[in-house]
2 protein chains.
Amino acid sequence: MKLKLIIALALGAATTAAMAGEVEDQIRFRQSAYSFLGWNTAKIKAQAADHPETFNKDQVIAAANAVAAVANSGLLSLYGPGTDKGTGWKATRLKPEFFEKQDEVKEIEATFIKEANELQKVAANGDPAEVKAQFGKVGATCKSCHDLIRVRE
Amino acid sequence: MKLKLIIALALGAATTAAMAGEVEDQIRFRQSAYSFLGWNTAKIKAQAADHPETFNKDQVIAAANAVAAVANSGLLSLYGPGTDKGTGWKATRLKPEFFEKQDEVKEIEATFIKEANELQKVAANGDPAEVKAQFGKVGATCKSCHDLIRVRE
């Protein structure tokens with residue numbers, strides 16, 4: 001019995017460690033994805049909204065392609081069970097309520113993807129005013145998600 | 001003289017602090033970009049090379065779009081002066097030699113962009129063998145850059 005117990009505990013610990021690793025990887029990858037997203041949205045905001053005299057069509061296209069690529073990369077696969085606790089690059093900011101709000105989250109995610117794809121199209125046209133307007137719609141989806149499931153800092 | 005000295009020191013400290021912030025932002029953004037890149041290349045490797053029975057055309061296209069978007073996002077703008085020292089999410093792994101190897105770095109970066117764009121095209125065709133072959137070429141550019149300017153862990 002003693003040996004069996006030790007083996008059971010050892011296996012349990014190993015499983016927990018493996019799961020912890022996966023949880024922390026998921027958190028680190030989503031923190032990376034959103035930070036890369038934030039870098040690219042900041043470039044669009046600077047050139048299309050805050051300093052329109054610096055608008056550079058090629059750079060805005062590249063940034064909008066990055067925003068769309070992040071949006072379509074399957075980020076919700078990085079929200080597995082247990083990822084409301086744990087540390088990626090830093091402690092996660094995901095609220096535990098995430099797991100009870102799946103319908104709202106999926107709807108926001110779908111809108112985020114739709115608006116990001118539209119931003120990619122609009123950026124290709126190269127009209128700063130159009131980019132600014134569509135960027136506003138994308139930003140609204142970021143905010144709605146943060147309000148719902150991200151802890152305030 | 002004393003007051004002037006204090007003001008000079010205070011201004012100096014402020015400038016240093018501002019620069020340190022920018023340096024740490026650049027390091028954090030590039031660490032995020034490369035981690036997001038690594039997540040997406042791992043998905044392509046798993047589906048096109050290691051477990052071809054799991055090949056999913058849409059997922060591979062999305063991952064290849066992400067790889068190309070990162071490659072074209074202007075990452076070299078995140079390698080400003082002083083960014084061979086400092087901490088983003090963690091201490092940077094950039095070797096100080098980076099700043100003396102600009103010709104080689106620019107050549108590798110151009111090849112990385114070219115091969116990533118080609119991977120995006122090939123993925124759209126949906127042939128696993130073609131994706132695997134082109135993925136090998138992209139991976140070779142990652143390695144050549146890491147060998148040149150990234151500290152071994």
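Nothing in this text is a laboratory measurement; each read-out follows from the coordinates by a stated rule. Model, not experiment: these values are computed from the prediction. Glycine also receives a Cβ, built like all others from the backbone with ideal geometry; neighbour counts cover every protein chain displayed.
What is the Cα centroid distance between the stretch B:101-126 and the stretch A:44-96, reported in whole angstrom?
22
Give the average, rounded to an integer, of partner chain Cβ atoms located within 10 angstrom of each Cβ in B:94-106.
The mean count of partner-chain Cβ atoms within 10 Å per residue comes to 0.
What pairs from A:Lys121/B:Lys57; A:Lys101/A:Lys132; A:Lys121/B:Lys114; B:Lys45/B:Lys114 go past 25 Å between their alpha carbons?
Going by Cα-Cα distance, A:Lys101/A:Lys132 fall outside the 25 Å limit.
For B:Lys101, which inter-copy label distances result when the label point lies 7 Å beyond Cα on the Cα-to-Cβ vector, reported in nm to one decimal and in ascending order?
4.6
So how strong a dipole does the protein assembly as shown carry about its Cα centre when Lys and Arg Cβ are +1 and Asp and Glu Cβ are -1, to the nearest 20 debye?
The calculation lands at about 880 debye.
Provide the net charge surrounding B:Gln47, with neighbours chosen by a C-beta distance below 15 Å and charges set as Lys +1, Arg +1, Asp -1, Glu -1.
Taking every other residue near B:Gln47 into account, the sum is -1.
Going Cα to Cα from B:Lys137, which aspartates and glutamates come in below 14 Å? Please leave out same-chain ones fewer than 8 positions away.
Within reach: B:Glu109, B:Glu115, B:Glu118.
Please give me the summed charge of the neighbours of A:Asp103: other residues whose Cβ is under 14 Å from its Cβ, Lys and Arg +1, Asp and Glu -1.
Within the 14 Å Cβ shell, the charges total -3.
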